[in-house]
1. All but one of (1) within 23 Å of B:Ala198 (Cβ to Cβ); (2) within 11 Å of another protein chain (Cβ to nearest Cβ) hold for B:Leu247; state the number of the condition that does not hold.
2. For the stretch B:41-59, how many residues are in contact with a strand residue (DSSP E or B) (Cβ under 6 Å, 6 or more places away or on another chain) and more than 9 Å from every other protein chain (Cβ to nearest Cβ)?
3. Look through B:Tyr213, B:Tyr168 and report the one residue that is in contact (Cβ under 8 Å) with a residue 40 or more places away in the chain, of a type in the set (Ser, Thr, Tyr) and in contact with a Phe, Trp or Tyr (Cβ under 9 Å, 6 or more places away or on another chain).
4. For the structure I just gave you, tell me whether B:Leu202 is away from chain A (no Cβ under 11 Å) and surrounded by 20 or more Cβ atoms within 10 Å (Cβ to Cβ).
5. Tell me the helices (runs of 4 or more DSSP H) entirely within the stretch A:212-286 that contain at least 1 residues that are within 14 Å of another protein chain (Cβ to nearest Cβ) and at pLDDT below 85.
6. Within the stretch B:226-235, can one find any residue that is at negative phi, buried (at least 24 other Cβ atoms within 10 Å of the Cβ) and charged (D, E, K, R)?
7. With the stretch B:82-134 as the region, which helices (runs of 4 or more DSSP H) entirely inside it contain at least 2 residues that are among the polar types (S, T, N, Q) and surrounded by fewer than 19 Cβ atoms within 10 Å (Cβ to Cβ)?
8. Considering only residues of the stretch B:108-143 that are among the hydroxyl-bearing types (Ser, Thr, Tyr) and within 16 Å of the chain's Cα centre (by Cα), which is farthest from B:Val368 (Cα to Cα)?
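The values are calculated or read from the model by the stated rules, or taken from the named source; none is laboratory data. The structure presented is a predicted model; accordingly, all values stated were derived computationally and were not measured. Cβ placement follows ideal geometry from the backbone for every residue including glycine, while neighbour counts extend to all protein chains displayed.
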Amino acid sequence: MEQVVINGLILGMNYALIALGLTLIFALMGVLNFAHGQLYVLGGFVTYYLYGVMGLPFVLALVATAVTLAAVGIVMERALFRRVLRISSREESSMLLAAGTALLLESSILIVFGEKQRGVPPVMTGVYEVFGAYVPAGRAFVFAASALLVAGFILFMQYTRPGRALRALAQDREAALLQGVNVKRYAMIGFAIGSALAGLSGALLVTVFAVNSGLGTPISIKAFIMIMIGGAGVVSGAIFGAFVLGFVEAFGYFFIPGSITYLLIFIGLIVFLSLRPQGIMGKPWG
Amino acid sequence: MTTLRRLARAAALGVSAAILVLGLAGGAAEAQQKTLKIGVLGVMSGPAASWGLVNRYCAEAAAQMINEQGGWKIGGEKYKIEIIAIDDRNDPKVSVAGAERLVYQEGVKYIIGPNVDTTAAAIVPVIEKAGAINIPYAFSKRLYSPPRSNSILGMIASYQAGPVIYKYLMENKGVKSVSFIARNASDPLNQRDEGVDAAKRLGLKILSSEDTYEPGTTDFFPVMSRVVRQNPDLIVLSGVAPSDAPLLIRAARELGYQGLLSTETAQDAKILSEVAGDLANGFISVGGASTPAIRSKTMEAFVDRYVKVAGEWNDEAGTKVYALEMILNTLKDAGPKALEDVAEFKKAIPAFQMRNPFLKEEKTLKYVGSAYFGQPRQIGVPMVVNVFKDGDFETLFVGSVEG
């Protein structure tokens with residue numbers, strides 16, 4: 001049982017980092033970014049080359065990955081989403097654009113980085129025994145780093161000027177505009193942060209799970225499950241949803257055969273959404 | 001001046017005429033060389049992209065080498081080999097559309113692929129109706145057994161390798177109990193069921209076989225915790241993809257598992273080394289059929305070319321190199337009629353044999369599989385069983401489907 005709880009905790013924290021970027025972009029722009037998983041994969045590959053192939057220190061590779069993915073996010077927002085959101089008021093336009101971007105990114109990643117799974121040397125080696133459960137040092141490191149990043153993100157959103165502007169934008173775009181918030185600029189910053197978070201989760205998790213070009217869609221699906229559970233566009237909801245999914249997976253895989261676990265997760269999700277479509281922490285009015 | 005102009009004009013006309021004549025002659029020479037189109041149909045994007053891309057890179061590398069030698073001779077005429085590759089995205093609908101394009105639009109009669117049971121089964125009607133032959137990497141016996149006769153298995157199936165590996169481990173490592181884990185998809189689940197049957201027949205105690213994981217899983221700790229808790233002598237990773245194997249191995253070892261791990265599918269040493277490192281030492285898998293220990297010079301030349309085409313070597317290519325080789329050599333035996341009529345190709349199959357060009361030792365290469373399918377519908381690639389050690393595969397033993 002100890003092992004199951006530890007597995008759930010680590011899984012939940014990893015998932016939280018993945019879900020945060022997705023929920024941030026949704027909150028700011030109302031865009032369901034289907035390319036989120038592909039941004040995660042891109043982050044993993046950038047770190048693979050910087051840390052695994054070129055041998056840069058891991059922290060430096062992490063920073064460089066965040067900057068690279070932020071730049072990719074800026075390009076996506078400025079070149080694609082800004083224009084489509086300006087000229088089309090239909091929600092499906094941005095959804096189709098996001099789906100197209102996901103395919104474009106996935107194909108580009110396959111062409112540039114190849115079809116093989118890639119892994120990097122572990123940042124930390126060894127296995128700890130915690131309350132009778134095995135915790136590899138690499139996973140403990142990723143857990144701690146993810147926790148720090150999640151905490152840093154919450155503090156940034158809560159106590160900094162750009163963070164407050166982003167929250168204002170997420171809560172009421174019109175009011176934020178009237179209060180003098182540069183909406184275009186902060187939408188771009190939000191997209192950059194969301195993309196950087198996806199890249200950072202890929203960069204951290206490539207050290208324990210490796211990465212391959214086809215991983216994007218399954219990651220996006222899990223991220224969507226998390227934010228649907230917690231409430232799309234709500235930061236605390238994304239974290240909550242991530243831990244729910246992490247623990248359900250950990251307990252499910254341990255106590256019932258694997259194929260039933262995800263079947264139950266999807267049935268549970270359908271039932272849950274039919275009762276509370278806005279998620280645990282979301283508001284019914286959006 | 002006028003004379004000079006005339007001379008210049010005459011010279012220009014002469015040069016133009018020479019260029020025209022040379023061009024026509026060159027064109028005629030090119031037109032004389034016929035082209036033999038070979039299709040490659042398989043998954044080349046998404047999580048299983050490596051399976052189909054290896055087929056494509058193998059065919060392209062081999063075709064380049066043949067074309068540089070002037071082409072492939074069939075019935076006294078040399079053919080330039082053209083590879084037409086289509087990504088089926090592991091989707092049966094796309095696979096059918098791809099097969100239709102190959103056979104009807106491109107006029108292809110010989111196709112390498114697809115990679116899994118679902119896509120391979122989906123294109124059977126297309127292949128049969130169009131009178132084509134394909135070499136899938138799917139294990140379903142129905143594809144290769146009568147009344148089917150147009151598909152030829154391109155590798156060793158799990159139900160052929162599994163019993164051989166289990167028996168070896170029982171006799172040499174004292175294995176008595178086994179647990180199975182598989183991806184929740186039709187091919188790996190079939191392979192698990194066949195592995196369980198084979199293990200039961202050999203008298204192994206099955207501790208668990210119901211554990212599965214979803215495609216796209218990255219964290220295998222939760223599912224492996226349950227398997228490791230059984231503490232079997234052997235954990236079989238049924239039908240495991242090269243991307244999942246190192247993560248499963250790593251999770252098992254980090255959870256304190258000390259027993260043996262094996263699979264009946266081909267793996268990649270570099271991926272194992274990068275992702276699992278020393279934790280993968282002792283992992284047993286069916287190898288690409290040409291490990292360094294058994295390679296001929298022809299195989300080494302192919303490896304060099306493959307690296308140029310694909311960027312780096314993939315052990316799986318050691319098995320998949322056989323498909324084009326067998327198609328072309330059988331066509332050579334069957335004669336030019338087989339280029340349009342696959343019945344001629346099928347007639348040549350039972351008697352076909354050649355020296356295996358990829359092995360250092362002198363071995364015969366032929367079509368096998370009669371014991372499994374009731375007819376020879378499998379390429380007789382060597383069954384190489386490898387063990388991973390310190391970043392590379394070592395050959396444990398080499399067997400064959402025919403025992």
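1. Condition not satisfied by B:Leu247: (1).
2. Here is the first cut: in the stretch B:41-59, the ones in contact with a strand residue (DSSP E or B) (Cβ under 6 Å, 6 or more places away or on another chain) are B:41, B:44-45, B:52, B:55-56, B:59.
Narrowing the set further to residues that are more than 9 Å from every other protein chain (Cβ to nearest Cβ) leaves B:41, B:55-56, B:59.
Residues that pass the stated criteria total 4.
3. Numbers: B:Tyr213 fails: in contact (Cβ under 8 Å) with a residue 40 or more places away in the chain.
Result: B:Tyr168 is the single residue among B:Tyr213, B:Tyr168 that is in contact (Cβ under 8 Å) with a residue 40 or more places away in the chain, of a type in the set (Ser, Thr, Tyr) and in contact with a Phe, Trp or Tyr (Cβ under 9 Å, 6 or more places away or on another chain).
4. Numbers: away from chain A (no Cβ under 11 Å): yes; surrounded by 20 or more Cβ atoms within 10 Å (Cβ to Cβ): no.
When the stated conditions are applied, B:Leu202 does not pass them.
5. Working: elements: A:216-230, A:235-255, A:258-275.
Here the list reads A:235-255, A:258-275.
6. no
7. Working: elements: B:92-100, B:117-122, B:124-130.
Because the criterion is at least 2 residues that are among the polar types (S, T, N, Q) and surrounded by fewer than 19 Cβ atoms within 10 Å (Cβ to Cβ), no helices (runs of 4 or more DSSP H) in the stretch B:82-134 meet it.
8. Of all residues in the stretch B:108-143, those among the hydroxyl-bearing types (Ser, Thr, Tyr) come to B:110, B:118-119, B:137, B:140.
Subsequent filtering for residues that are within 16 Å of the chain's Cα centre (by Cα) retains B:110, B:119, B:137, B:140.
Details: B:Tyr110: 19, B:Thr119: 23, B:Tyr137: 15, B:Ser140: 16 Å.
My answer is B:Thr119.
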